[in-house]
Amino acid sequence: MSNMNSTNKSGEKPLNGSDAFRRIFNSLINYDLITLKLQTNGLPEAGQPLPSILAISALKDSLRSGNGVRQGMKFERFYFPTEILNPRAVRKNGLDEAALRSLRQGCGYPEHFNDDLDSFLEFCDDVFLFVGFNITAFDATFLPFLREEAKIRLFDLMTENRDILCTEWNEQRNEWKLPNIFETAKAYGFDFDALHPQRNMEYVKLYRKIFDKMRQKANVRLPKIEQHLTRT
């Protein structure tokens, strides 16, 4: 259970995310951000090629509209894997061959993500803040430019909420466990149960709402962007 309004294991009040937002905002190059989620044909395994990206959904927004972000451009595409579909992945995301064919009906983009990467990079052009749930360990593994571009900053809703939600203490690691998306959504007053794995964009919209709610609670003002424009 979330302890957002109580004390944590050390007897201190849980964090409200203000330090995380200050850290991100102090390195802003512009006010744009992209919230994203991937669906993949399985999880990374040591010594093995990365599984294919089956779906990518992303929203491009601006931080400048009041206390929240405003809806902007959308990128949502579905792809066939270059390898055999992983049954375990299909059980989780529901993206079997029939589902992918249905979701791709009438589309004009390539069948495989690697052949369409340039389109997504163009969508991401001049955006340096990316938001997601487990984006640091998962999404950035499949989209290495998120790690390789020095100016890019990642706001990970899962890791940033570890010491905010304080869901369960891990005695072995002597730290709070990472919250799952159900715990995180519930803590911020959003319904997660209604989401379907194939409705990838619905997850992205939920992530954006959580980011917005976190930002309101943190109450950290945006800096004047001009002070960062000379960065190289």
field: Ascending count of other beta-carbon atoms within 10 Å, so fewest first, for 196, 112
entry: 196, 112
- prompt: Arranged by the count of other C-beta atoms within 10 angstrom, fewest first, what order do 177, 37, 186 take?
  reply: 177, 186, 37
query: How fast does the range 36-177 diffuse by Stokes-Einstein, in µm²/s, taking the Kirkwood radius from C-alpha pairs at 25 °C and 0.890 mPa s?
result: 144
query: Between residue 151 and residue 62, what is the label-to-label distance in nm when each label sits 7 Å out along the Cα-to-Cβ direction?
result: 1.8
- prompt: Non-local amide H neighbours of residue 52 (under 5 Å, H modeled in plane, Pro and chain starts lacking H): which ones?
  reply: 41, 82, 83
task: Provide the percentage of antiparallel DSSP beta bridges, counting only those with both residues in the chain; round to the nearest 5.
output: 75
- prompt: Around residue 131, which amide H atoms from residues at least 5 apart in sequence, or from another chain, sit under 5 Å from its own amide H, with H modelled in the peptide plane?
  reply: 34, 35, 36, 155
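Subtract the Cα-Cα distance of residue 169 and residue 117 from 0.36 nm times their separation in residues, and report this length gain in nm to one decimal.
So the chain would gain 14.7 nm between residue 169 and residue 117.
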query: Using 7 Å Cα-to-Cβ label points, what is the residue 16/residue 30 separation (nm, one decimal)?
result: 3.1
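Quick note: the coordinates plus some simple rules give every number you see, no bench work behind them. Since the model is a prediction, treat every value here as computed from it, not as a measurement. Quick reminder, even Gly has a Cβ in these numbers, built from the backbone with ideal geometry, and neighbours come from all protein chains shown.
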